[in-house]
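The values are calculated or read from the model by the stated rules, or taken from the named source; none is laboratory data. As the structure is a computational prediction, the values presented were derived from the model and not from experiment. As a convention, Cβ positions derive from the backbone with ideal geometry for all residues, glycine included, and neighbour counts pool all protein chains shown. Accessible surface is based on the protein model in full, side chains and every heavy atom, while ligands, DNA and RNA are left aside. Shrake-Rupley method; radii C 1.70, N 1.55, O 1.52, S 1.80 Å.
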Amino acid sequence: MTNTDTIDETKIETTDTTLTLRRTFDASRERVWQAFTDPEELERWFVPDGMTAEVHAQELESGGDMSISWTDGENRIDNEGTYVEVVEHERLVTGEETEAGELRVIYEFQDVQDGTEVVVTQEFPGEVPDGAAEGWTGMLENLAALLQESGADPTEADERSMTVSRVVEASPERVYEAFLDPDELAQWLPPTGFSAEVHHLEAEEGGTFRATFTGETEEFADYGHSFGGTYRELVSGERIVYTESFETDDPAMAGEMTVTVTFETVPAGTEIIVRHEGFPEATSPSDANEGWTDSLGNLADVVEEA
């Protein structure tokens, strides 16, 4: 049996073991995602009335830790679990082990006419506890106030950027090497449907590179392009920062982008985090996210085979 209700602007559906809340926020999907993933912003809204919050861990990757505590001076509630799934700007899934079993929360972010619809589905190991809907409604009210306070969306520049990550079973030094070896770069960098040629690559700060992607299928035949840039920062096994520009006469594709790649040692190997900023008008950050996801999957095949 499903019960439906509305509190303030939050639509609520409950079954015996699930609680689903829907609310639309007057903000971009990227802005709302930031509020769900930035520890400082989480501490401002993701907390019951009368309590304060502190984020202890926020590892945005599959298997990453999440930990936040709520206190009111006398009582403390610890929320600790892991991220089961992370799809940037689209979906978060967390799992938390309780005495009764796993408590799972699914967050979905969807573009709608009025902004962004957030759907929160909480799956309980037993019956939905009393007060859960009211607690969530209060926190979503806090979120609405935070987003309204931020006004004209301070992440407007972020909308032309994207971040993607991947854990690979190799050392940071090995992965760093694969980013700067021309032959390996040509092997893993092109996303599905493309091949690559690296024309030159000077692996030093101030050095330049140039490469070409060629569409290998009918679908991508018209999307080949050349690009190049300059290495701004190279720290072996830790960090690469470079600029990148398309070779084009199209003003909508012109402009300099910045790519920051960091390598962090994790128990399973190395977490690669790619931050790509400053996309030109005609380039979709979501398409770039998909492309980088393909590329990092190719990279895993290269470095994990070695």
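In the range 26-102, which strands (runs of 3 or more DSSP E) lie fully inside it and hold 3 or more residues that are open to solvent by 20 Å² or more (accessible area, probe 1.4 Å), in the same structural domain as L146 (by the TED database) and charged (D, E, K, R)?
The strands (runs of 3 or more DSSP E) meeting that bar are 76-87, 91-98.
From R174, R210, R232, which residue is closer than 30 Å to V266 by Cβ and open to solvent by 60 Å² or more (accessible area, probe 1.4 Å)?
R232
Have a look at T260, T265 and point out the one that is open to solvent by 70 Å² or more (accessible area, probe 1.4 Å) and polar (S, T, N, Q).
T265
Which of the residues that make up the range 87-108 are touching a strand residue (DSSP E or B) at 6+ places or on another chain (Cβ under 6 Å) and hydrophobic (A, V, I, L, M, F, W, C)?
Matches in the range 87-108: L92, V93, L103, V105, I106.
Which one of these does G50 not meet: (1) out of contact with any strand residue (DSSP E or B) (no Cβ under 6 Å at 6 or more places or on another chain); (2) touching a residue at least 12 places away in the same chain (Cβ under 8 Å); (3) under 30 Å from H276 (Cβ atoms)?
Going through (1) out of contact with any strand residue (DSSP E or B) (no Cβ under 6 Å at 6 or more places or on another chain); (2) touching a residue at least 12 places away in the same chain (Cβ under 8 Å); (3) under 30 Å from H276 (Cβ atoms) one by one, G50 breaks only (3).
Only residues that are within 18 Å of A178 (Cβ to Cβ) and either loosely packed, with under 14 Cβ neighbours inside 10 Å or among the hydrophobic types (A, V, I, L, M, F, W, C) (or both): list them for the range 268-283, please.
Listed by number, the residues that qualify are A268, I272, I273, V274.
Residue-wise test of (1) closer than 16 Å to Q34 by Cα; (2) in contact with a helix residue (DSSP H, G or I) (Cβ under 7 Å, 6 or more places away or on another chain); (3) small (G, A, S).
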| site | (1), (2), (3) |
| --- | --- |
| F46 | yes, yes, no |
| E61 | yes, no, no |
| I68 | no, yes, no |
| E85 | no, no, no |
| H89 | yes, yes, no |
| G101 | no, no, yes |
| D111 | yes, yes, no |
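Can you run down the residue pairs with Cβ atoms below 8 Å, 6 or more apart or on separate chains, where the first is in the range 76-88 and over 16 Å from F109 (Cβ atoms) and the partner is among the aromatic types (F, W, Y)?
R76/W70; I77/W70; N79/W70
Could you please find all residues in the range 91-116 being touching a residue at least 60 places away in the same chain (Cβ under 8 Å) and within 18 Å of S286 (Cα to Cα)?
Answer for the range 91-116, where residues must be touching a residue at least 60 places away in the same chain (Cβ under 8 Å) and within 18 Å of S286 (Cα to Cα): F109, Q110, D111, V112, G115, T116.
Please work out which one of (1) touching a helix residue (DSSP H, G or I) at 6+ places or on another chain (Cβ under 6 Å); (2) open to solvent by less than 70 Å² (accessible area, probe 1.4 Å) is the condition V105 fails and give its number.
Of the numbered conditions (1) touching a helix residue (DSSP H, G or I) at 6+ places or on another chain (Cβ under 6 Å); (2) open to solvent by less than 70 Å² (accessible area, probe 1.4 Å), the odd one out for V105 is (1).
Give the residue, chosen from E290, E247, that is at pLDDT below 95, outside the structural domain of G63 (by the TED database), over 25 Å from E30 (Cα atoms) and of a type outside the set (S, T, N, Q).
E247
When you go through (1) open to solvent by less than 40 Å² (accessible area, probe 1.4 Å); (2) under 20 Å from the mean Cα position of the chain (by Cα) one by one for V302, which number turns out not to apply?
(2)
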